[in-house]
Amino acid sequence: MIERLAGIHEVSVVCPTTAKGGIPRASTVLSDLNAEQLALFQHLDLARFRAA
């Protein structure tokens, strides 16, 4: 199970704002999950730890 969980990655990309003093924009995605990883992710409610 640990190996499957270790294969789940979250990637965030932060883009600078073009406006002076503006807030940078961030986009976050999960790596592709296989069926087993998806089941673990849902069962353990890991979405609560994702970046906002």
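The values are calculated or read from the model by the stated rules, or taken from the named source; none is laboratory data. In this text the structure is predicted, and so the values were computed from the model without any measurement. Methodologically, a virtual Cβ is constructed for each residue, glycine included, from the backbone with ideal geometry; neighbour enumeration extends over all protein chains shown. Accessible surface areas use protein heavy atoms only, side chains included; no ligands, DNA or RNA. Shrake-Rupley method; radii C 1.70, N 1.55, O 1.52, S 1.80 Å.
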Legend entry - Number of the condition not met by THR18 [criteria: (1) open to solvent by 80 Å² or more (accessible area, probe 1.4 Å); (2) in contact with a His (Cβ under 6 Å, 6 or more places away or on another chain); (3) of a type in the set (S, T, N, Q)]: (2)
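Tell me, please, whether a residue that is in contact (Cβ under 8 Å) with a residue 12 or more places away in the chain and of a type outside the set (Ser, Thr, Tyr) can be found in the range 19-27. Outline the logic, then answer.
First, pick out the residues of the range 19-27 that are in contact (Cβ under 8 Å) with a residue 12 or more places away in the chain: 26-27.
Okay, now just the ones that are also of a type outside the set (Ser, Thr, Tyr), so 26.
Looking through the range 19-27, at least one residue is in contact (Cβ under 8 Å) with a residue 12 or more places away in the chain and of a type outside the set (Ser, Thr, Tyr).
Kindly indicate whether any position in the range 36-52 is part of a strand (DSSP E or B) and open to solvent by less than 80 Å² (accessible area, probe 1.4 Å). Steps first, answer last, please.
Filtering the range 36-52 for residues part of a strand (DSSP E or B) gives none.
Checked the range 36-52: no residue is part of a strand (DSSP E or B) and open to solvent by less than 80 Å² (accessible area, probe 1.4 Å).
Given the condition at negative phi and either over 16 Å from the mean Cα position of the chain (by Cα) or assigned to a helix (DSSP H, G or I) (or both), answer yes or no: does some residue in the range 23-30 qualify?
yes
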Inset, instruction - For the range 11-46, name all the residues that are of a type in the set (D, E, K, R) and at pLDDT 90 or above. - result: ASP32, GLU36, ASP45
